[in-house]
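**Q** Attaching a single structure in structure tokens format; questions to follow.
We did not get these values from a lab; they are worked out from the coordinates using the rules stated. Keep in mind that this is a model prediction, so the values were computed, not measured. Note that each Cβ is placed from the backbone with ideal geometry, even for glycine, and that neighbours are counted across all protein chains shown.
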Amino acid sequence: MATLDAAAKARLDLITENLAETLNPEIIESILAEGRNPRIYWGTATTGRPHTGYFVAAIKIAQLLAAGCEVVVLLADIHAFLDNLKAPLELVENRAKYYAKVIRAILESVGVPTEKLEFVLGSSYQKSPEYTMDVYKLSSLVSEHDAKKAGAEIVKQSANAPLSGLLYSILQVLDEEHLNVDAQLGGMDQRKLFAAAVEWLPKIGYRKRAHLVTPMVAGLSGGKMSSSVQDSKIDLLDGPDVIQKKIRKAEAAPKVVEDNGVIAMVEYVLLPAAGLKGKKEFVVERRDAEPLVYTDIAKLKEDYQNDILTPQSLKPAVTAALTSLMAPIQEAYQASPEWQEITAQAYPPPVVEKKQRKVKDKGTRHPGAQVQAKAQAEAKAEVEGEKKAQELPERPKAEN
């Protein structure tokens, strides 16, 4: 472990705050000990519309910037296409633009200046000869089993899956080298991929990187918050009425804090966001008692387990705080015709095909109709056969 002075130690504490895990932290420590700024990237595949879970990464990015890190945001458009065609090629470009708008708006909503961020489009370098050759090199050294295992919690799994899903893991590992970073930031669901990067990159002569692992946020319906599961998440452009409805329907059993998506929203989004804005507290108004004011999540969880804080009090407080937090994002969207046009092109409404009017088959609706029709056809054929027989000239009898 590198020896750090007080200033470097403070920077390290901010970099690692609220992380679930740090892989190879000595890499970050040695950079700080030298007085340099770590270069860190966070990547997002431009597939479904970003939701409130993206605040977790945004808040961590804000802390990295405050710690003097260089932060790169990778808009992984090619990854989006490779992940079982979640983003068709004709939509990828506009979805990348949409993500750039949303990510900037999230950071600005919590008071983070975005001019220090570097946005990189994956396709801007992932089609270069150097990158392509590295894909070939790594593909020759990584087995199908290992590639599938690395992306198991990221890439959509299906029977007889396309080969592109295996390439996804290889590309993400190579991004660390080609973005020239010291570390990658990502969720706990990417941990297997991070471990693969540490193992795979040295095989083709590249150095290993550190990995900053953020905790996973429980969805409103329990389990992982996901863009593809509507009931689990709140879209960043959802209005106040929609936010209220989704929070009201969210699973939040009394006295149960595990997999409680409403408490997770406070822990990983609302309290940290309030801290970035200068006053880290979460207020729960109560009808017949004094408000409950929380400055740390441990006390909130304790009160919830003891039924001092009830779901009936917690949900309206989360609704109010989240509505306030998201208001600047929605105001920016409403004020930007460009953003609205990008949204329409990135996420066009599904085409609903008109149902063809079926011609009624009366024969199938009347028992015996088909049998009767067959009998009539046979009778007609028999009559026509007899008629033809009568029309044939009589064959002369053979002479004895």
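**Q** Contour minus end-to-end for K280 and A344, with contour as 0.36 nm per residue of separation and end-to-end as the Cα-Cα distance?
**A** Details: separation 64, 0.36 × 64 = 23.04 nm, distance 3.64 nm.
That pair, K280 and A344, stretches by 19.4 nm at full extension.
**Q** What is the distance in Å between the Cα centres of region 265-323 and region 1-55?
**A** The two parts, judged by their Cα centres, are 27 Å apart.
**Q** Taking the Cα centre of region 6-214 as origin and charging only Cβ (+1 Lys, Arg; -1 Asp, Glu), how large is the dipole, in debye to the nearest 20? Numbers along the way, then the final one.
**A** Working: 23 positive and 25 negative charges, 54 e Å.
Value, rounded to 20: 260 debye.
**Q** Let me ask something else about it. Over 26 Å between Cα atoms, which of K60/K203; K149/K249; K249/K279; K60/K279 qualify? Spell out each step's value before the answer.
**A** Working: K60/K203 31 Å; K149/K249 35 Å; K249/K279 29 Å; K60/K279 17 Å.
The pairs that break the limit, which is 26 Å between Cα atoms, are K60/K203; K149/K249; K249/K279.
**Q** Taking only the Cα atoms of region 230-346, how large is their convex hull per residue, in Å³? Each step should come with its number before you reach the end.
**A** Values: hull volume 13.8 nm³, N = 117.
Dividing the Cα hull volume of region 230-346 by its residues yields 118 Å³.
**Q** Mind giving me the nanometre distance, one decimal, between the label points for F119 and T3, set 7 Å out from Cα along Cα→Cβ?
**A** Rounded to a tenth, the inter-label distance reads 4.5 nm.
**Q** Can you classify region 6-214 as rounded, prolate or oblate using the Cα gyration tensor, where a ≥ b ≥ c are the square roots of its eigenvalues, rounded means a/c under 1.5, and otherwise it's prolate if a/b beats b/c and oblate if not?
**A** Numbers: a/c = 1.79, a/b = 1.25, b/c = 1.43.
In terms of gyration-tensor shape, oblate.
**Q** Let me ask another. At 7 Å along the Cα-to-beta-carbon direction for both S336 and S164, put a label point, then send me their distance in nm to one decimal.
**A** Placing both labels 7 Å beyond Cα along the Cβ direction yields 2.7 nm.
**Q** Apply the Kirkwood formula to region 1-56: the hydrodynamic radius equals the inverse of the mean of 1/r over all pairs of different alpha-carbon atoms; give it in Å with one decimal. Walk me through the numbers before you get to the answer.
**A** Working: mean 1/r = 0.0753 Å⁻¹.
Kirkwood hydrodynamic radius for region 1-56: 13.3 Å.
**Q** To one decimal place, what orientation-averaged projected area in nm² is obtained for the convex hull of the Cα set of region 74-168?
**A** Numbers: hull surface 30.5 nm².
For region 74-168, the mean projected area of the Cα convex hull comes to 7.6 nm².
**Q** Right, next: Students often forget the sequence filter, so: which aspartates and glutamates lie under 14 Å Cα-Cα from K116 once same-chain residues fewer than 8 apart are removed?
**A** E70, E108
**Q** Okay, moving on. Between E130 and E26, 0.36 nm times their residue separation minus their Cα-Cα distance comes to what? Don't jump to the answer; show the numbers that get you there.
**A** Values: separation 104, 0.36 × 104 = 37.44 nm, distance 2.92 nm.
In short, 34.5 nm is gained.
**Q** At most 11 other Cβ atoms within 10 Å and a DSSP loop assignment: could you name the GluC sites (Glu not before Pro) in region 236-338 that fit?
**A** Sparse-neighbourhood loop GluC sites (Glu not before Pro): E258.
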